[in-house]
Each structure stands twice: as C-alpha cells, then as structure tokens.
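The values are calculated or read from the model by the stated rules, or taken from the named source; none is laboratory data. The structure displayed is predicted, hence computed values, not measured ones. Reconstructed Cβ throughout: ideal geometry from the backbone, glycine too, with neighbour counts over all protein chains shown. Areas reflect the complete protein model, heavy atoms only, side chains present, ligands, DNA and RNA absent. Shrake-Rupley method; radii C 1.70, N 1.55, O 1.52, S 1.80 Å.
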Amino acid sequence: MSDSGSRAALAQRLKKGLLEGIGHARGERTLQTHLVSVPEGRDYSGEDVVALRQRYGLSQASFARYLMVSVKTLQSWEQGARKPSRATMRLLQVFDQPDEFAALLKR
C-alpha cells in the first residue's frame, strides 16, 4: 500500500472511531466491551516475601533488583517492619502466580 493509501486508511479508521464515540456520547449506540478476568490483589506478609524469594532461589540483593528497591527496603519487608506498596504487592503477585498473569499478557 502506498504512503498516501495508508494515510487514507488511517484517516478512515480514525473517522469511524470518532463517529462511534460521538454516537455513544449521545446515547445512540452501545460500545463493545471486553472483560478480562484479573486475579484479585492480595497482601504479602514478611514471611510471604521470604518464601517467594526463596522459591526462586534468589538472594536478597537479586530479588531487590528485580523489584527495583534497595536491599534495606526488602529486608524491612521480610522482617515485618514495613509493608510493600500496593503496586509492589501486585508485582509480588506476578512472581507468585506467573501462569495467571501470563494468560492475561497473551491477549
């Protein structure tokens, strides 16, 4: 397809999308939705973090690098002095349940 042909096709797709959005805003149409089942979040205790790290045979330094935190931060979680943020708990869940998240990423 030529450069001008691909631009014309893109313009048509954009126009179609805008018209669908306007129709939806006016209540004239219902847009299709795709529901994805995402595993419910969970909390990880210090013992859970240790067990997860050990399951993969990682040192504290290596696991901290994967999570992009300092070793001191990881140690404080493992000792129960602090808790990971909600975002980090979600990342821990990806390590904990990789098959459930792999299916989501393939969609």
- Reachable aspartates and glutamates from Lys83, Cα under 20 Å, same-chain residues fewer than 8 places away excluded? Glu40, Asp43, Glu47, Asp48, Asp96
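Of all the accessible heavy-atom surface of the chain, with the other protein chains kept in place and a 1.4 Å probe, what percent is carbon and sulfur? Display every interim value, and only then the final one.
Values: 4380 of 8050 Å².
Ligands and nucleic acids excluded, carbon and sulfur reach 54 percent.
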- Using Cα positions and a limit of under 16 Å, work out the aspartates and glutamates in reach of Lys16, with same-chain residues fewer than 8 apart set aside. Glu28
- Query: Which net charge results when you count Lys and Arg as +1 and Asp and Glu as -1 among the other residues whose beta-carbon is under 12 Å from that of Glu40?
  - Reply: 0
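When ligands, DNA and RNA are left out and all protein chains stay put, how many square angstrom of accessible area per residue does the range 12-61 have with a 1.4 Å probe?
Value for the range 12-61: 82 Å² per residue.
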- Query: Want the number for Glu20 to Ala103: 0.36 nm per residue separation, take away the alpha-carbon distance, what's left?
  - Reply: 26.9 nm
- Task: Return the whole-Å distance between the Cα centroid of the range 44-107 and the Cα centroid of the range 1-26.
- Result: 43
- Note on the structure: For the Ala8, Thr33 Cβ pair and Förster radius 30 Å, calculated FRET efficiency rounded to 0.05 is 0.55
- Task: Kindly state, as a whole number, the per residue volume in cubic angstrom of the convex hull around the alpha carbon atoms of the chain.
- Result: 190
- Going through the DSSP H helices of the chain, which span 30 Å or more along their own axis at the Cα atoms while scoring at least -0.5 as a mean Kyte-Doolittle hydropathy? 3-25
